[in-house]
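Novice: Mind having a look at this structure? Questions to follow.
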Amino acid sequence: MRSFFISLQSEFYKSRKTLAFWAAIIVPVVICGLIAFGYFTSSEKILKYNYSGMMLWFQYSSAALGVMGMLILPFYVIFMAFSVNNIEHKNDTWKTLFSQPLNKFSIYAAKYVYALILLLVCTFLFAFLTYSSGYLLQALVPKYTFQDYNPAIILSKFYTKLLLASLGILSIQFVLSLIWSDFLKPMGIGFIGIIAGIITANVGWKHAYLIPYSNPTLALRMTSASKKAKPEELPIFTQEVWVSLICAVLLFIVGYFILLKRNIK
């Protein structure tokens, strides 16, 4: 366990100045800030619809969820997974890393967990900023009805489901970035996978949930379909989430053996 925490701390220090690290913070701030600014400047137009508190929250949060779930989160995941391992590829420090008196599995697990932490930070900030900016808009535009409904439960379920549905993509891209040191192969496969996943999910293919790249879109689509349900009735562990989790566990194990083989040579 000590080896794991030392390795995790090392990952933080190595990547704290990288774009992948700061994007986990900057992207949610920019996206949620732009959406809030749009609702502030267009308040007169939006107020004409006379939305109830729940419907106003649904419209407002859907703007962030749509952009995040279908585009920002999947693309961030493939870029971040590449960046975490590219530090070692770029500096040719794999052998140096594994020559340290630390458990090899702890070193590998720390890299994966660090990537997971960045994904968690990005998702949490999206959820927190969506929630807090809604109440900020209420203070700035008193005629809004954000105060009439508390979206904490439903927002937490939405973003938790998106996070879990993205783990399959994270594991695939993490393994690809271990195999290839260049930018084009893992990123290119990831881009194609995301596009294919969005298409198969949106055309309604019944087996689309078996493609990990389609799972965030499917999770978002089910969220939209469940907008009239009570927050406590919204299912999180649906079939696409289970596929994502199974894929994440299996590829985590595969990635460890790939890395061992790579460093034995």
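Novice: Here is a check on your reading of the model: is ASN215 part of a helix (DSSP H, G or I) and either among the acidic types (Asp, Glu) or modelled with pLDDT of 90 or more (or both)?
Specialist: yes
Novice: Outside any loop (DSSP other than H, G, I, E, B) and modelled with pLDDT of 85 or more, is that true of THR223?
Specialist: Considered against the rule, which asks whether it is outside any loop (DSSP other than H, G, I, E, B) and modelled with pLDDT of 85 or more, THR223 comes out as no.
Novice: If you go through region 1-15, how many residues are loosely packed, with under 12 Cβ neighbours inside 10 Å, within 19 Å of TRP94 (Cα to Cα) and not hydrophobic (A, V, I, L, M, F, W, C)?
Specialist: Filtering region 1-15 for residues loosely packed, with under 12 Cβ neighbours inside 10 Å gives 1-2, 5, 13.
Adding the requirement that they be within 19 Å of TRP94 (Cα to Cα) leaves 5, 13.
Right, trim to not hydrophobic (A, V, I, L, M, F, W, C) and you get 13.
Residues that pass the stated criteria total 1.
Novice: Determine whether THR160 is touching a residue at least 40 places away in the same chain (Cβ under 8 Å) and over 30 Å from PHE252 (Cα atoms).
Specialist: Taking the combined requirement at face value, the residue does not satisfy it.
Novice: Same structure again: Can you confirm whether region 172-185 contains a residue that is part of a helix (DSSP H, G or I), out of contact with any Pro (no Cβ under 8 Å at 6 or more places or on another chain), exposed (fewer than 14 other Cβ atoms within 10 Å of the Cβ) and without any contact (Cβ under 8 Å) to a residue 24 or more places away in the chain?
Specialist: Within region 172-185, one or more residues are part of a helix (DSSP H, G or I), out of contact with any Pro (no Cβ under 8 Å at 6 or more places or on another chain), exposed (fewer than 14 other Cβ atoms within 10 Å of the Cβ) and without any contact (Cβ under 8 Å) to a residue 24 or more places away in the chain.
Novice: Determine whether region 8-15 contains at least one residue that is of a type outside the set (A, V, I, L, M), in contact (Cβ under 8 Å) with a residue 12 or more places away in the chain and under 23 Å from LEU136 (Cβ atoms).
Specialist: no
Novice: Let me ask you something else. Among (1) farther than 17 Å from TYR76 by Cα; (2) hydrophobic (A, V, I, L, M, F, W, C); (3) assigned to a helix (DSSP H, G or I), there is one condition ILE236 misses while meeting the rest; what is its number?
Specialist: (3)
Novice: Can you list residue pairs whose Cβ atoms sit under 9 Å apart, with the first residue in region 23-47 being in contact (Cβ under 8 Å) with a residue 60 or more places away in the chain and the second being assigned to a helix (DSSP H, G or I) and among the basic types (Lys, Arg)? Count only pairs 6 or more apart in sequence or on different chains.
Specialist: Hits for this filter: zero, empty list.
Novice: Just to be sure, is ASN91 touching a residue at least 24 places away in the same chain (Cβ under 8 Å), within 20 Å of PHE21 (Cα to Cα) and of a type in the set (S, T, N, Q)? Please lay out each step first, then the result.
Specialist: Working: touching a residue at least 24 places away in the same chain (Cβ under 8 Å): no; within 20 Å of PHE21 (Cα to Cα): yes; of a type in the set (S, T, N, Q): yes.
It is false that ASN91 is touching a residue at least 24 places away in the same chain (Cβ under 8 Å), within 20 Å of PHE21 (Cα to Cα) and of a type in the set (S, T, N, Q).
Novice: Pairs please, first residue from region 239-252 and closer than 22 Å to ILE179 by Cα, second anywhere and of a type in the set (Ser, Thr, Tyr) and outside any helix (DSSP H, G or I), Cβ atoms under 8 Å, 6+ apart in sequence or on different chains.
Specialist: Short answer, once both residue conditions are applied: SER244/SER166.
Novice: Of the conditions (1) surrounded by fewer than 21 Cβ atoms within 10 Å (Cβ to Cβ); (2) farther than 30 Å from SER214 by Cβ, PHE146 clears all except one; give me its number.
Specialist: Of the numbered conditions (1) surrounded by fewer than 21 Cβ atoms within 10 Å (Cβ to Cβ); (2) farther than 30 Å from SER214 by Cβ, the odd one out for PHE146 is (1).
The values are calculated or read from the model by the stated rules, or taken from the named source; none is laboratory data. These numbers were taken from a predicted model, which means no experiment stands behind them. Cβ coordinates were reconstructed from backbone atoms using ideal geometry, including for glycine residues, and neighbour counts include every protein chain displayed.
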